[in-house]
1. Quote the relative contact order of segment A:3-172 in percent (integer), defining contacts as alpha-carbon pairs under 8 Å separated by 6+ residues.
2. B:ARG203 versus A:ASP124, label points 7 Å from Cα toward the beta carbon: distance in nm?
3. Which links in A:LYS326/B:LYS147; B:LYS49/B:LYS134; A:LYS6/A:LYS141; A:LYS142/A:LYS271 stretch past 30 Å when you go from one Cα to the other?
4. Provide, in order from the shortest bin, the percent of all Cα-Cα pairs of chain A in each 20 Å bin, continuing until the bin that contains the maximum pair distance.
5. Neighbour counts of other C-beta atoms within 10 Å: give me A:ASP87, B:ASP184 arranged from fewest to most.
6. Go ahead and set up a Gaussian network model of chain A, Cα springs under 10 Å, then flag whichever of A:SER207, A:SER157, A:SER122 fluctuates most.
7. If you split all Cα-Cα distances of the protein assembly as shown into 20 Å bins from zero, what percentages do you get per bin, shortest first?
8. For B:TYR192 and B:ASP216, compute 0.36 nm times the residue count separating them, minus their Cα-Cα distance, and round to one decimal in nm.
There are 2 protein chains.
Amino acid sequence: MPQLRKDPVLKQWVIISPERGRRPSDFKNSPPHTPDDPKTCPFCEGNEKKTPPETLAFRKSGTSPNEPGWWVRIFPDQDPILVPTGDSGRMGIGMFDAMNSIGIHEVLVEVPQHHQTLQNVSPDQVREVIWAFKQRLLEIKKNPRFKHFMIVKNSGSGVSSFTHSHSHIVATPIIPKRIEEEIDGSREYFHYHDRCIYCDIIRQELSQPARIIHQDPFFLAFCPFASRFPFEMMIIPVSHQPFFETLDSDHVTGFASILQILLKKMELLLKNIPYNFILHTSPISEAYRDFFHWHIEIIPKLTQVAGFEWGSGFYINPLSPEEAAKFLRES
Amino acid sequence: MPQLRKDPVLKQWVIISPERGRRPSDFKNSPPHTPDDPKTCPFCEGNEKKTPPETLAFRKSGTSPNEPGWWVRIFPDQDPILVPTGDSGRMGIGMFDAMNSIGIHEVLVEVPQHHQTLQNVSPDQVREVIWAFKQRLLEIKKNPRFKHFMIVKNSGSGVSSFTHSHSHIVATPIIPKRIEEEIDGSREYFHYHDRCIYCDIIRQELSQPARIIHQDPFFLAFCPFASRFPFEMMIIPVSHQPFFETLDSDHVTGFASILQILLKKMELLLKNIPYNFILHTSPISEAYRDFFHWHIEIIPKLTQVAGFEWGSGFYINPLSPEEAAKFLRES
């Protein structure tokens, strides 16, 4: 079973998930496993038997689970980094802390057809994907073992093992470090100002719109002031909303729309660039309601991160967010 | 001039260093600039005129600065991310914080010959490199504008623009986030235990040596308990030492030796793998003396970091540090 281990200085949890029998030479330049043939792709309609049983699917009435007939489908990852059953196994190992890697790791297939992408499917299909996320997260939330969940999409060669359009849902028994940091920063700001820092950032960006890419009554998309990467983007609801999973119907439609607009702009501008997006939503607790504000980060994989960034947490971005936003607005 | 900008939530400084005239298409798959010909390589002996004037060189007596005759040479980076002169320019931009990117960014060329590496030069040469680092850092330390410095080595294709063996020296007016986090964690531990956490980690690793790669009376090399990456390594002085730049002659020799041993082991095991190393030393202040303990992180670039890690700060390592240490010990 994979193990969660905590760095004693940084208090950062790492999943140690050894793949059995791997030799050092296996790590070198290992090309990602990409079954790019709809006949063998486990995510394609008709190949449902190649995946673990589904946990949620939107499917035509009259069709059975794990059969064709679906338009969005969720199932446990074949090779999970966290497993849903067993004891949490919190333990001290000398001065170190570890626990079993208990959690949820599922795959959401965003469209039944192999070569479709979130950019070119219908707006309705993107909306269905968002509904499926919401519905599945509400279900996972009932399990008191998990403190936080994320939605992560890795798209493109080098960042994903599969070409078929999909995302990951990950629920964890701990709060990931980056989210802890956002909580710490936004809580401190709230204590000082009695305002949500993200709400203030939205007001700030709207007052000087150089970094804005797109806006509508429900959402704002912009390149953050201290972007770490070229064309880094954030989508955030304009009104204060801590929890992604409680978003209402208007916001589902609005979010689907702005997400697709941004992905299309990115494709127009940067062509088939690999990218990641990740949902930052409040941990599963009312404690964060006042000061956490859910948002999505989208990061195109343009630059190599060299040692400087790993070691220092100090990023060098060769493109200003103002320039990036201008390119994206105009594309 | 590049600008330092602070993320208001994460309190993370980012260097925005736009390269003028770059178009979006320039970012895609841009191959690193690698002048792999000793005739044109600016780091080769004989090509001193292709670099800014040297700030330090160890050279044969009778030779002049910026001429051949050196064995280690330091000069400002041609394309610096921080510049040494000018006003700090601390400013508020609405709710955001920024400052001019004041600092030192220099290159240390580790050997005059183009195809040599730290693995295959003489132990004496590695020692000279360490002396040069120490000497240059002691000089930089006199400048009260800088709070912290780092040594960063990016080696190999995809992580460095130059193939000729070199490192970077970077002095900053702020303390990088990762170092701040190490300070916070080690200070908290010290307040609780009245002991340096790194000293305790050393004792812990020595008591159960599964993660130890190499040890001698002065240094310990091991794979950290919560390694983020396969074959991640740490070298740390066994005795409590906050400041790299004050290391004595025995430790210079000892550090050169263990560094070369580890790089050789890594080469034997992983062949020409790109790697980074980064020095974590105390900020330039006596305030950290009791609880900070300098160390070097070495990270071979074997795995692609996907969106999960960027967005969450939550790393997945497919090789346990115990297995990694075993492979490295035996190679």
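Every number in this text was worked out from the coordinates using simple rules, so none of it is lab data. Owing to the predicted nature of the structure, the values given are computational and were not obtained by experimental measurement. Every residue, glycine as well, gets a Cβ built from its backbone with ideal geometry; the counts of neighbours run over all protein chains shown.
1. 24 percent
2. About 6.8 nm separates the two model spin labels.
3. Numbers: A:LYS326/B:LYS147 35 Å; B:LYS49/B:LYS134 25 Å; A:LYS6/A:LYS141 24 Å; A:LYS142/A:LYS271 40 Å.
From A:LYS326/B:LYS147; B:LYS49/B:LYS134; A:LYS6/A:LYS141; A:LYS142/A:LYS271, over 30 Å: A:LYS326/B:LYS147; A:LYS142/A:LYS271.
4. 28, 62, 10
5. Numbers: A:ASP87 8, B:ASP184 13.
The most exposed by this proxy come first: A:ASP87, B:ASP184.
6. A:SER207
7. Reading the bins upward from 0: 18, 52, 28, 3, 0.
8. Extra length from B:TYR192 to B:ASP216 when fully extended: 5.7 nm.
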